[in-house]
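Participant: Structure provided below as structure tokens; questions to follow.
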Amino acid sequence: MITLALSKGRIFDETLPLLKAAGIEVLDDPETTRKLILATNQPQVRVVLVRASDVPTYVQYGGADLGITGKDTLLEHGSQGLYQPLDLQIAKCRISVAVREGFDYAAAVQQGSRLRVATKYVAIAREFFASKGVHVDLIKLYGSMELAPLTGLADAIVDLVSTGNTLKANHLVEVERIMDISSRLVVNQAALKLKQQPMRAIIDAFAAALKTPTSV
Ligand code: AMP
């Protein structure tokens with residue numbers, strides 16, 4: 001059995017065409033079923049639905065053989081024990097710094113004042129501000145980062161931005177782009193050795209669909 005860990009929403013939806021290219025069709029709709037393990041048209045392949053931030057953990061410890069997760073999640077979680085053979089170029093967005101409209105970010109940075117930054121991405125934010133030599137107090141949040149500058153909890157946020165509509169709707173402006181984000185295929189190293197043929201078939205089919213060479 002090959003187990004693929006996916007999260008519901010954007011990643012699941014954008015993975016379906018890649019699975020189809022690999023000849024795999026998921027038999028349930030994750031938005032309507034309450035099942036967490038979904039069968040596919042291939043008896044030897046199943047999909048497990050996990051929280052996006054849990055995908056690396058499932059694959060690392062062998063709860064899943066493969067998974068698909070954002071570069072943001074991998075950078076926050078660390079990627080020990082995981083092969084990352086493919087950038088799937090899906091769920092594309094960027095991770096950026098945003099502030100309230102009218103907040104003079106450039107001046108705050110230039111003056112060397114300590115910035116209060118709220119984010120779910122503490123590791124990425126710490127690394128980014130350290131590389132710029134900007135002193136920050138990081139406040140860990142688990143959701144709705146946009147609220148933090150509006151309520152005075154923080155001066156700035158570090159969050160994912162796609163169209164920018166969420167920022168705009170909350171009177172926030174993007175002031176720095178930290179990095180581009182897309183989703184990666186991650187593979188359990190032991191599973192790749194033990195189930196080489198079926199795992200390779202899936203990895204190669206994904207690579208063929210993307211028309212890029214794999215690195216394992
Ligand atoms: P947008 O309004 O299109 O800029 O989308 C921003 C909102 O969607 C923020 O709340 C982000 O956390 C979330 N978001 C955007 N892109 C992604 C992505 N690729 N994966 C997960 N969440 C995302």
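Participant: Between ILE124, ILE139, ILE95, which is in contact with a Lys or Arg (Cβ under 7 Å, 6 or more places away or on another chain), aliphatic (A, V, I, L, M) and either in the same structural domain as VAL48 (by TED's automatic domain parsing) or farther than 30 Å from GLN196 by Cβ (or both)?
Facilitator: ILE139
Participant: Testing THR166 on (1) farther than 14 Å from ARG94 by Cα; (2) of a type in the set (Val, Ile, Thr); (3) open to solvent by 70 Å² or more (accessible area, probe 1.4 Å), one condition comes back false. Which one is that?
Facilitator: Answer for THR166: the failing condition is (1).
Participant: Select, from THR3, THR33, THR69, the only residue that is more than 12 Å from the ligand (Cβ to nearest atom) and either without any contact (Cβ under 8 Å) to a residue 40 or more places away in the chain or closer than 25 Å to ILE124 by Cβ (or both).
Facilitator: Working: THR3 fails: either without any contact (Cβ under 8 Å) to a residue 40 or more places away in the chain or closer than 25 Å to ILE124 by Cβ (or both); THR69 fails: more than 12 Å from the ligand (Cβ to nearest atom).
Selected residue: THR33, the only one of THR3, THR33, THR69 that is more than 12 Å from the ligand (Cβ to nearest atom) and either without any contact (Cβ under 8 Å) to a residue 40 or more places away in the chain or closer than 25 Å to ILE124 by Cβ (or both).
Participant: So is PRO43 open to solvent by 90 Å² or more (accessible area, probe 1.4 Å) and away from the ligand (no atom under 15 Å from the Cβ) or not?
Facilitator: yes
Participant: On to the next question. Filter region 146-159 down to residues that are open to solvent by 60 Å² or more (accessible area, probe 1.4 Å) and of a type in the set (A, V, I, L, M, F, W, C) and give me whichever is farthest from ALA98 (Cα to Cα).
Facilitator: This residue is LEU153.
Participant: I'd like the full set of residues that are within 11 Å of the ligand (Cβ to nearest atom) and assigned to a helix (DSSP H, G or I), limited to region 148-193.
Facilitator: ASN165, THR166, LEU167, LYS168, ALA169
Participant: Take the residues in region 135-145 that are in a loop (DSSP other than H, G, I, E, B) and either among the charged types (D, E, K, R) or open to solvent by 20 Å² or more (accessible area, probe 1.4 Å) (or both); name whichever of them is farthest from the ligand (Cβ to nearest atom).
Facilitator: By that ranking, first place goes to HIS135.
Participant: Tell me, which residue of region 108-134 that is more than 16 Å from the ligand (Cβ to nearest atom) and within 13 Å of VAL175 (Cβ to Cβ) is most open to solvent (accessible area, probe 1.4 Å)?
Facilitator: Across region 108-134, the extreme among qualifying residues is GLN110.
Participant: OK, next. Go through region 72-94 residue by residue and tally those that are in contact with a Ser or Thr (Cβ under 9 Å, 6 or more places away or on another chain), of a type outside the set (Lys, Arg) and within 10 Å of the ligand (Cβ to nearest atom). Spell out how you get there, then give the answer.
Facilitator: The first filter runs over region 72-94 and keeps only residues in contact with a Ser or Thr (Cβ under 9 Å, 6 or more places away or on another chain), leaving 73, 76-77, 83-94.
Add one more test, that the residue is of a type outside the set (Lys, Arg), and what stays is 73, 76-77, 83-91, 93.
Still in the running and within 10 Å of the ligand (Cβ to nearest atom): 73, 90-91, 93.
Selection size over region 72-94: 4.
Participant: Here is a follow-up. Could you please find all residues in region 89-107 being open to solvent by 30 Å² or more (accessible area, probe 1.4 Å), assigned to a loop (DSSP other than H, G, I, E, B) and within 25 Å of PRO17 (Cβ to Cβ)?
Facilitator: Within region 89-107, GLN89, LYS92 meet the criteria.
The values are calculated or read from the model by the stated rules, or taken from the named source; none is laboratory data. Here the structure is a predicted model, which means the values were calculated and not measured. We place every Cβ from the backbone using ideal geometry, glycine too, and count neighbours over all the protein chains shown. Side chains included, ligands, DNA and RNA excluded: accessible areas come from the protein's heavy atoms. Shrake-Rupley method; radii C 1.70, N 1.55, O 1.52, S 1.80 Å.
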